[in-house]
Amino acid sequence: MIPHSRPMLDEEEILNLSNVIRSGQISLGGEVLRFEEMMAGFIGLNGAAATNSGTSALHLALLSLNIGDDDEVAAPSYTCTAILNAINYVNAAPLLIDIDPDTFNIDLNDLKNRITKRTKAIIVPHMFGLPADIEDIVTLGIPVIEDCAQAIGATYKERQVGGFGYLSIYSFYATKVIATGEGGMILSDSKRALEKIRDLKEYDKKDIYSPCFNYKMTDIQAALGISQLNKLPLFIEKRKGIADRYAQSFKDIPITLPARYSDRRHIFYRFVIKTRGNTDEYLRLLEGKGISCQRPVYLPLNNYLKLDGFPGTYEVWNKAISIPIYPGLSDDEIKMIIDVVRDVFTR
Ligand SMILES: Cc1ncc(COP(=O)(O)O)c(C=O)c1O
């Protein structure tokens, strides 16, 4: 069975991890600081605060904006549940926005129609590695948290995503583009926001008590992150190469291929196609032939909240299938995926 995701780890990660273990400094230390600096440099921002997950990064990002009761936080309905969790952690009201069924990203017009005076932040994930309409979204004048959990290295008009919003967050979960097992980060140009975030993610040695969290990254995770970040350009090249092969091989079969736009660079965290038939049946057939594919979002957030009025989300959820794409796929595996997908969709 070809798995849906697989991290790309080699001797370099083993060596970096051994060095951390030998040093005896396995909690937050120099490696975390180095990883933070490298990430801020890569995106082109002033500073970074590493966390133990993307979810905790989202939570701290909302807290740094003083979001709380009576505030609304806008987010797309077709995305990871972690976003809904973070909004609930701070007791804010989720304001769900439909998506554009071509890009799978938040729909700018629906966002403009739904925001209110209570909307205090917009969380904008760049879904599956394709940048959202971030330039237009930031002009709305509401603080934007860019969610780059799936899009590190993607660019919008030649600029790295993550550098447009007030803050940006990242996830380094095992299936992500760069992987540390679990892990996350917040980046920003705002010294004040980062100071508050650093204060909130540690609970020890405080003169005055206020509730804090233990959301720290360890040097073990950071050692992995550093070597993964060094390989990011290579990872993205490989992902794009596989995406080009898939697009070429699937152009004559009855599926809809991922959209591409000349003003933004897709990093193909996921290669998501849309079916024109019974998606569950296709998933079963692909699995039966040894390819583990998935609905890329398990359930839309509006389903959890029992809300109607999200036609773009509904269309995509009904039709989307994510096909394995990662730098560790061998040439034989890529050929097998191409053959099986062609076979299943031209039956
Ligand atoms: C868009 C998005 N945001 C946030 C997260 C949460 O990251 P983590 O799993 O590291 O908490 C994910 C993870 O899947 C994600 O895809």
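Going by the conditions given, is Tyr166 in contact with a Ser or Thr (Cβ under 9 Å, 6 or more places away or on another chain) and within 12 Å of the ligand (Cβ to nearest atom)? Before you say what the answer is, go through the steps one by one.
Working: in contact with a Ser or Thr (Cβ under 9 Å, 6 or more places away or on another chain): yes; within 12 Å of the ligand (Cβ to nearest atom): no.
Spelling it out, it is not the case that Tyr166 is in contact with a Ser or Thr (Cβ under 9 Å, 6 or more places away or on another chain) and within 12 Å of the ligand (Cβ to nearest atom).
Criterion first (polar (S, T, N, Q) and touching a helix residue (DSSP H, G or I) at 6+ places or on another chain (Cβ under 7 Å)) does Thr346 satisfy it? So that I can check it myself, show each step before the final result.
Details: polar (S, T, N, Q): yes; touching a helix residue (DSSP H, G or I) at 6+ places or on another chain (Cβ under 7 Å): no.
Here the answer is no, as Thr346 does not meet what is asked.
Of the conditions (1) in contact (Cβ under 8 Å) with a residue 24 or more places away in the chain; (2) over 21 Å from Leu234 (Cα atoms); (3) away from the ligand (no atom under 11 Å from the Cβ), Asp147 clears all except one; give me its number.
(3)
Cβ-Cβ under 7 Å, sequence separation 6+ or interchain: first residue in region 49-65 and at pLDDT below 95, partner within 12 Å of the ligand (Cβ to nearest atom). Which pairs?
Partner pairs satisfying both residue conditions: none exist.
Let me confirm something: among Ala247, Ala243, which residue is touching a strand residue (DSSP E or B) at 6+ places or on another chain (Cβ under 6 Å) and surrounded by 13 or more Cβ atoms within 10 Å (Cβ to Cβ)?
Numbers: Ala247 fails: touching a strand residue (DSSP E or B) at 6+ places or on another chain (Cβ under 6 Å).
Among Ala247, Ala243, only Ala243 is touching a strand residue (DSSP E or B) at 6+ places or on another chain (Cβ under 6 Å) and surrounded by 13 or more Cβ atoms within 10 Å (Cβ to Cβ).
Report, by residue number, each residue of region 180-199 that is in contact with a helix residue (DSSP H, G or I) (Cβ under 6 Å, 6 or more places away or on another chain) and within 16 Å of the ligand (Cβ to nearest atom). Give the steps one after another, and end with the answer.
Taking region 180-199 first, the residues in contact with a helix residue (DSSP H, G or I) (Cβ under 6 Å, 6 or more places away or on another chain) are 180, 183-188, 193, 196-197.
Residues satisfying the conditions are Thr180, Gly183, Gly184, Met185, Ile186, Leu187, Ile197.
Just to be sure, is Phe271 in contact (Cβ under 8 Å) with a residue 24 or more places away in the chain and touching a strand residue (DSSP E or B) at 6+ places or on another chain (Cβ under 7 Å)? Reasoning before the result, please.
Values: in contact (Cβ under 8 Å) with a residue 24 or more places away in the chain: yes; touching a strand residue (DSSP E or B) at 6+ places or on another chain (Cβ under 7 Å): yes.
Yes: the conditions hold for Phe271.
Run down Tyr282, Tyr269, Tyr314 and say which single residue is hydroxyl-bearing (Ser, Thr, Tyr), within 27 Å of Arg347 (Cβ to Cβ), modelled with pLDDT of 95 or more and in contact with a helix residue (DSSP H, G or I) (Cβ under 8 Å, 6 or more places away or on another chain).
Tyr282
Is it fair to say Lys196 is out of contact with any strand residue (DSSP E or B) (no Cβ under 8 Å at 6 or more places or on another chain), farther than 25 Å from Asp10 by Cα, outside any strand (DSSP E or B) and modelled with pLDDT under 95? It would help to see each step written out before you state the result.
Values: out of contact with any strand residue (DSSP E or B) (no Cβ under 8 Å at 6 or more places or on another chain): yes; farther than 25 Å from Asp10 by Cα: yes; outside any strand (DSSP E or B): yes; modelled with pLDDT under 95: no.
Judged against the criteria, Lys196 is not a match.
Please work out if Ile255 is among the β-branched types (Val, Ile, Thr) and within 21 Å of the chain's Cα centre (by Cα). Outline the logic, then answer.
Numbers: among the β-branched types (Val, Ile, Thr): yes; within 21 Å of the chain's Cα centre (by Cα): no.
Taking the combined requirement at face value, the residue does not satisfy it.
Looking at (1) within 21 Å of the chain's Cα centre (by Cα); (2) on the phi > 0 side of the Ramachandran plot; (3) surrounded by fewer than 16 Cβ atoms within 10 Å (Cβ to Cβ), find the lone condition where Tyr298 falls short.
Going through the list (1) within 21 Å of the chain's Cα centre (by Cα); (2) on the phi > 0 side of the Ramachandran plot; (3) surrounded by fewer than 16 Cβ atoms within 10 Å (Cβ to Cβ), Tyr298 breaks only (2).
Let me confirm something: among Tyr269, Tyr282, which residue is under 30 Å from Val161 (Cα atoms), among the aromatic types (Phe, Trp, Tyr) and either not in a helix (DSSP H, G or I) or not assigned by TED's automatic domain parsing to the domain that holds Asp100 (or both)?
Values: Tyr282 fails: under 30 Å from Val161 (Cα atoms).
Just one listed residue meets the conditions, Tyr269.
Under 9 Å between Cβ atoms, at least 6 apart or on separate chains: pull out the pairs that start in region 161-177 with a residue that is basic (Lys, Arg) and end on any residue that is within 12 Å of the ligand (Cβ to nearest atom).
As it stands, the answer is Lys176/Ser5; Lys176/Gly54; Lys176/Ala149; Lys176/Gln150; Lys176/Ile152; Lys176/Tyr170; Lys176/Gly183; Lys176/Tyr269, since those pairs meet every condition given.
Would you mind telling me which numbered condition in (1) surrounded by 15 or more Cβ atoms within 10 Å (Cβ to Cβ); (2) out of contact with any Phe, Trp or Tyr (no Cβ under 9 Å at 6 or more places or on another chain); (3) of a type in the set (A, V, I, L, M) Leu305 fails?
Against the list (1) surrounded by 15 or more Cβ atoms within 10 Å (Cβ to Cβ); (2) out of contact with any Phe, Trp or Tyr (no Cβ under 9 Å at 6 or more places or on another chain); (3) of a type in the set (A, V, I, L, M), Leu305 comes up short only on (1).
With the checklist (1) within 14 Å of the ligand (Cβ to nearest atom); (2) closer than 14 Å to Thr51 by Cβ in hand, flag the one item Val177 doesn't pass.
(2)
Output the number of residues of region 115-165 satisfying the condition of being in a loop (DSSP other than H, G, I, E, B) and at positive phi. Walk me through how you get there before you give the answer.
Let us first name the residues in region 115-165 that are in a loop (DSSP other than H, G, I, E, B), namely 115-118, 126, 130-133, 139-143, 148-154, 157-158, 161-165.
Still in the list and also at positive phi: 141, 153, 157-158, 162.
Counting residues in region 115-165 that are in a loop (DSSP other than H, G, I, E, B) and at positive phi gives 5.
The values are calculated or read from the model by the stated rules, or taken from the named source; none is laboratory data. Everything quoted here is computed from the prediction, not taken from an experiment. In this analysis, Cβ positions are derived from the backbone assuming ideal geometry, glycine residues included, and neighbour counts consider all displayed protein chains.
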